[in-house]
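Here's the structure, in structure tokens; my notes come after.
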Amino acid sequence: MNGNAGRGFSLAECLIALLILSLSVLLLSQYHRQLVSSYQRQWAQRDAVRAAAQVLAGKPPAGWRSDVSRQPAADGCVRVIAHTEGPFRRQATLQQLFCPPFGDRLP
């Protein structure tokens, strides 16, 4: 029987295992960072779309720059385009078509 049998792992094996573990943790942390960044961008875009919808509803949100333009459309309808830009360069553009009778619905 070999005198070294049953004594555990060699130094080289331990270093390779540690290298693999380190690389795995590094890759997982980078993946997590990308997920968080993507989630923040998606949340910011939702905020921008919500702000544009509020502008179309005639209630522009505070802290956001908004621009509303109207374009004639077919059959006497009016296309209303709301563009918003808010903190951290979040922006969105929404369009809505209003057809007669307008009443008080037109922003």
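Values computed for the structure shown
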{"quantity": "Of [x] 0.98; [y] 1.55; [z] 0.93, the label for Rg/Rh (Cα atoms, Kirkwood Rh) derived from the coordinates", "calculated": "[y]"}
{"quantity": "Where trypsin sites (Lys or Arg not before Pro) in DSSP loops with at most 13 other Cβ within 10 Å are excluded, longest remaining stretch of the chain", "calculated": "8-104"}
{"quantity": "Helix-only mean residue ellipticity at 222 nm for the chain, each DSSP H run of n ≥ 4 adding -39500 (n - 2.57), per residue, nearest 500", "calculated": "-16000 deg cm²/dmol"}
{"quantity": "R0 of 41 Å, Cβ-Cβ distance Ser22-Arg46: FRET efficiency to nearest 0.05", "calculated": "0.65"}
{"quantity": "Cys residues of the chain counted as unpaired, since no other Cys beta-carbon is under 4.7 Å", "calculated": "Cys14"}
{"quantity": "Percentage relative contact order, the chain, counting C-alpha pairs under 8 Å, at least six apart", "calculated": "21"}
{"quantity": "Pairwise label distance in nanometres, Val36 with Phe102, each label 7 Å out on the Cα-Cβ vector", "calculated": "4.9"}
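We did not get these values from a lab; they are worked out from the coordinates using the rules stated. What you are looking at is a predicted structure, and each value in this text was computed from that prediction instead of being measured. Please note: Cβ atoms are built from the backbone with ideal geometry, for glycine as well, and neighbour counts cover all protein chains shown.
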